[in-house]
Amino acid sequence: MAIRLLHLFASRWAGYGSPVNLTVQLAQPTLVSEVGIAWGRGDQRTYKFEIYVRPDTSGSWTRVFNGESSGTTAEIDFIDIADIEVQEVRIKTHSNSASTSWTDITEVKLLGQAPDNLEPESEICFGSYDLPDCVAAMSAKGGGTVNLEAKTYYLTESLILKDNVNIVGQGYDTVITWPDSIADSINEPLLYATAVNNVELRDFKLRCHINQDPNSYDLRNDHMGLFLEGSGDPSQGEATSNNNLYMERIEAMYCSNGMHIKGATGVTAIDLKLHNNGNTETDLFHNIYFRRVADLVMIQTDDNVGGYYDSPRGHGIRASHIKNAYLENLKVTRSYFITS
């Protein structure tokens, strides 16, 4: 078996308080020998932290590191640990030298020896292949990345997201939508899951077909761009059914909710462009709605990239029952509404 790098997709995770835990779950038990962590402002401050591992997704944890980050780099710092077979790795952070209450981690990498059947996969969904077939095929291989072309992919029913399967397009010229024959009648989300883990969505457009005329009501409430209809309430200490979702440069438009994410932990949204969503029932449908979500990070890297705007009746951003949220440089028009 070849040595390979197990990579948690480039993202940013923030947690408030002390201690806070970031847990990485692998698809199956894997031999790990190094844990790499890139700390936010890691070249300006040190973090006191521990690393725990366990061979399954339940049971007791084993501590393999207790110490402090170097404070000399914002790049990935690798920590040697004794070779150990693990399925979950937990980074428990206690404090930092800046005496802030936030822990900021920009990337995690695990170095080790993966089973032969977990070799990284990446395939292009092109030609006559249906997008659901491409996702199903990648899921059958244990996970990987489905790369989309700069074209329009038509769905005839919701695309069910799968564990460890990423969907990456070529920018907003990659469009996922409904064909004209059902566009005005179908009442389903384009992307859907009730329980999914470790998914990256990046560089494509979700185009729904809700009438956005402010004098019109189109009451297809389930006609959404992305709907994660998960269980669990982290604000009440309950485990969530959707975990580790990373989204970057996704446009969603003409939907009841551009995105509706509930019952989730570890959600990162970078440079989303959500607009002209929410023309259904007043105060219930928005550009994006988070409900029962923990460890939420929303960042806009530039004033001219992305944003949450032109929701005829709803909010640009709405959230409720949230635990640990980090928002940075967001451009929101009309309003945003967040409760604890």
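The values are calculated or read from the model by the stated rules, or taken from the named source; none is laboratory data. No experiment lies behind these values; they were computed from the predicted model shown. As a convention, Cβ positions derive from the backbone with ideal geometry for all residues, glycine included, and neighbour counts pool all protein chains shown. Note: accessible area is taken over every heavy atom of the protein model, side chains too, but ligands, DNA and RNA are not part of it. Shrake-Rupley method; radii C 1.70, N 1.55, O 1.52, S 1.80 Å.
Candidates in the range 311-337 are the residues that are surrounded by 17 or more Cβ atoms within 10 Å (Cβ to Cβ) and in contact with a His (Cβ under 6 Å, 6 or more places away or on another chain); of these, the one that is modelled with the lowest pLDDT is Tyr336.
May I ask you to list the residues in the range 157-196 that are open to solvent by 30 Å² or more (accessible area, probe 1.4 Å) and among the polar types (S, T, N, Q)? Full working, then the answer.
Restricting attention to the range 157-196, the residues satisfying the condition of being open to solvent by 30 Å² or more (accessible area, probe 1.4 Å) are 157, 160, 162-164, 170, 172-173, 180-182, 184-185, 187-188, 192, 194-195.
Listed by number, the residues that qualify are Asn164, Gln170, Ser181, Ser185, Asn187, Thr194.
Evaluate the following for Ala27: is it surrounded by 15 or more Cβ atoms within 10 Å (Cβ to Cβ) and modelled with pLDDT under 90?
It is true that Ala27 is surrounded by 15 or more Cβ atoms within 10 Å (Cβ to Cβ) and modelled with pLDDT under 90.
Of all residues in the range 223-240, those satisfying the criterion of being hydroxyl-bearing (Ser, Thr, Tyr) and surrounded by fewer than 20 Cβ atoms within 10 Å (Cβ to Cβ) are Ser231, Ser235. Within the range 252-267, the set of residues being open to solvent by less than 10 Å² (accessible area, probe 1.4 Å), of a type outside the set (Gly, Ala, Ser) and either at pLDDT 95 or above or in a strand (DSSP E or B) (or both) comprises Met259, Ile261, Val267. Whether a residue is hydrophobic (A, V, I, L, M, F, W, C), under 23 Å from Ile176 (Cβ atoms), assigned to a loop (DSSP other than H, G, I, E, B) and open to solvent by less than 50 Å² (accessible area, probe 1.4 Å) was assessed, and Phe285 passes this test. In the condition set (1) modelled with pLDDT of 95 or more; (2) surrounded by fewer than 20 Cβ atoms within 10 Å (Cβ to Cβ); (3) within 21 Å of the chain's Cα centre (by Cα); (4) outside any loop (DSSP other than H, G, I, E, B), Leu206 is compliant with all but (2).
Residues in the range 70-99 that are more than 18 Å from Gly17 (Cβ to Cβ) and part of a loop (DSSP other than H, G, I, E, B): Ser70, Gly71, Thr72, Thr73, Ala74, Glu75, Ile76.
Scanning the range 51-106 for residues that are of a type in the set (Phe, Trp, Tyr) and under 24 Å from Gln28 (Cα atoms) gives Tyr52, Trp61, Phe65, Phe78.
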